[in-house]
Amino acid sequence: DKGNHRHFMAKEIYEQPEVIPHTFGHYLDLENERVALPELPFDLAGVSHISITACGTALYAGAIAEYWFERFGRVPVNIDIASEFRYRETPLQPDGVTIVISQSGETADTLASLRYAKEQGQKVIAVVNVPTSTIAREADAVLPTLAGVEIGVASTKAFTCQLATLACLAVAVGRAKGHLQDEDERKLVRAMMEVPRLMTEALTLSPEIELLSRTLAKAQDVLYLGRGTNYPLAMEGALKLKEISYIHAEGYAAGELKHGPIALIDEKMPVVVIAPYDRVFEKTVSNMEEVAARGGRIILVTDPKGAELANVPAMQKLILPEMPATVAPLVYSIPVQLIAYHTAVLMGTDVDQPRNLAKSVTVE
Ligand code: F6R
């Protein structure tokens with residue numbers, strides 16, 4: 001049932017302010033403002049190394065979480081696409097934990113990676129949306145994402161629920177390893193509790209994004225740029241646009257622009273820049289100036305401070321409320337999803353069942 005929505009994808013985008021608190025509710029002790037994971041069959045304090053593997057959107061959730069595990073847990077992270085991870089014969093550290101992330105819990109390469117990690121003596125944590133899935137059954141521990149059934153082939157709410165789950169896990173690792181003080185943890189938990197409200201505000205950008213998607217629908221290629229956790233989010237934005245609108249898109253680390261992709265920029269090339277005001281914002285502004293100088297059209301997704309400080313020609317801005325950096329990837333996912341959605345609707349594609357794609361990829 002799509003409710004009032006034209007597509008399951010829209011319904012699932014709009015469900016996020018409801019499913020996210022449900023997921024956080026499972027991993028947080030709200031009264032004491034602490035993270036409270038279900039009991040794991042091993043001690044997080046002893047984790048020396050984390051490997052993350054998954055496919056597609058689930059991989060990008062992992063790539064965002066990599067920043068959190070390093071920041072809060074001070075644990076080295078190795079992350080790779082499951083179809084590479086399983087054949088790389090990567091040496092895995094003793095006392096290492098492998099995290100596999102999958103909405104369906106049935107993705108063939110992710111499952112094979114899980115089995116490889118177990119053979120190598122790793123403890124495996126599965127972050128899955130389908131609790132009865134094969135990946136959930138075979139893992140040492142399961143952290144369910146609790147997004148509810150996701151029908152649209154393009155993953156939306158499962159992605160942000162993966163982020164919510166991984167953020168809690170990263171905080172738990174940080175606390176277990178003694179790198180996070182109680183007050184820092186409380187601050188992070190309070191920020192997590194703000195996410196549903198921030199997402200609801202982000203959803204009000206929908207009409208503006210619908211207008212702006214007319215530019216994107218005319219483009220042949222779209223570039224997405226970001227730094228830090230907004231870099232994997234840029235890749236996720238590009239993936240979402242490609243898969244449902246069939247417009248070619250690429251996500252790049254903003255700092256890589258001058259190492260190649262800048263050659264693509266001309267007046268026909270929209271560039272979506274995901275850049276809240278943070279410690280690397282000024283760097284991203286110089287990248288935007290480079291794009292503008294070559295006639296590229298910028299769509300800047302930012303906050304009030306960022307909007308005030310960035311002024312380059314031919315720029316459109318999508319302005320989100322100010323928020324703590326850790327939760328920004330969850331909230332910035334909303335405009336990223338809506339950009340792909342509205343563009344695809346304009347293009348007249350089959351948004352929920354895009355050509356050549358399956359919801360669950362159980363063959364290599
Ligand atoms: C993109 C998308 C795919 C999946 C990927 C992994 O919107 O849905 O990239 O994320 O096929 O699937 P799961 O998470 O089921 O392992």
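No lab work stands behind these numbers, since they all come straight from the coordinates. The model shown is predicted, which means the values in this text are computed figures rather than measured ones. Glycine gets a Cβ as well: all are built from the backbone with ideal geometry, and neighbour counts include every protein chain shown.
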Within the set I101, I13, I262, GNM on the chain using Cα springs under 10 Å gives the largest fluctuation to I262
Cα extents of segment 294-348 per principal axis, largest first, Å, are 36, 30, 15
Other-chain or far-sequence residues with amide H under 5 Å of N78's (modelled H) | I50, S51, I52
Helix-only [θ]222 nm of the chain, DSSP H runs n ≥ 4, -39500 (n - 2.57) each, per residue, nearest 500 = -15000 deg cm²/dmol
Karplus ³J(HN,Hα) for segment 6-21 (6.51 cos²θ - 1.76 cosθ + 1.60, θ = phi - 60°; Hz, whole; x = Gly/Pro) runs 6, 9, 4, 4, 5, 4, 6, 5, 6, 6, 4, x, 9, 7, 4, x
Those GluC sites (Glu not before Pro) in segment 235-334 that DSSP places in a loop and that have at most 14 other beta carbons within 10 Å = E267, E322
Relative to the Cα centre, what is the charge dipole magnitude of the chain, using +1 at the beta carbon of each Lys and Arg, -1 at the beta carbon of each Asp and Glu, and rounding to the nearest 20 debye?
-> 460 debye
Placing +1 on each Lys and Arg Cβ and -1 on each Asp and Glu Cβ in the chain, then taking the dipole about the Cα centre, the residue among I299, S104, G178 whose Cα reaches farthest towards the positive end is I299
Could you check which residue among Q93, Q122, Q337 shows the biggest mean-square fluctuation in a GNM of the chain with a 10 Å Cα cutoff?
-> Q93
Which residue, T284, T132, T302, tops the fluctuation ranking in a GNM of the chain built on C-alpha contacts under 10 Å?
-> T132
What's the center-to-center distance, using Cα atoms, between segment 278-332 and segment 75-96 in Å?
-> 34 Å
Pull up the cross-link candidates among the aspartates and glutamates for K177, meaning alpha carbon to alpha carbon under 12 Å and not fewer than 8 places away within one chain.
-> D43, E70
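Counting other C-beta atoms within 10 Å, and keeping those with at most 15, which DSSP coil trypsin sites (Lys or Arg not before Pro) do you find in segment 39-100? Working shown, then result.
Values: sites: R71, R74, R86, R88; in loops: R74.
Listed in order of number, the matching sites are R74.
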Under-5 Å amide H pairs with L225, H placed in peptide plane, nonlocal only | Y252, V272, V273, I274
Counting only residues 5 or more apart in sequence or on a different chain, those whose built amide H sits under 5 Å from that of V127 are V100, I101, S102, L143
Helix axis angle, 182-203 relative to the chain longest principal axis, alpha carbon, degrees | 40 degrees
Among the trypsin sites (Lys or Arg not before Pro) within segment 265-364, which fall in a DSSP loop and have no more than 11 other Cβ atoms within 10 Å of their own Cβ?
-> R279, R355
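Percent of Cα-Cα pairs more than 33 Å apart in the chain, please.
Working: 17042 of 66066 pairs.
In whole percent, the share of Cα-Cα pairs in the chain beyond 33 Å is 26.
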In the chain, with Lys and Arg counted as +1 and Asp and Glu as -1 at Cβ, which of these residues, L203, F85, T132, has the Cα nearest the positive end of the dipole, that is, farthest along it?
-> L203
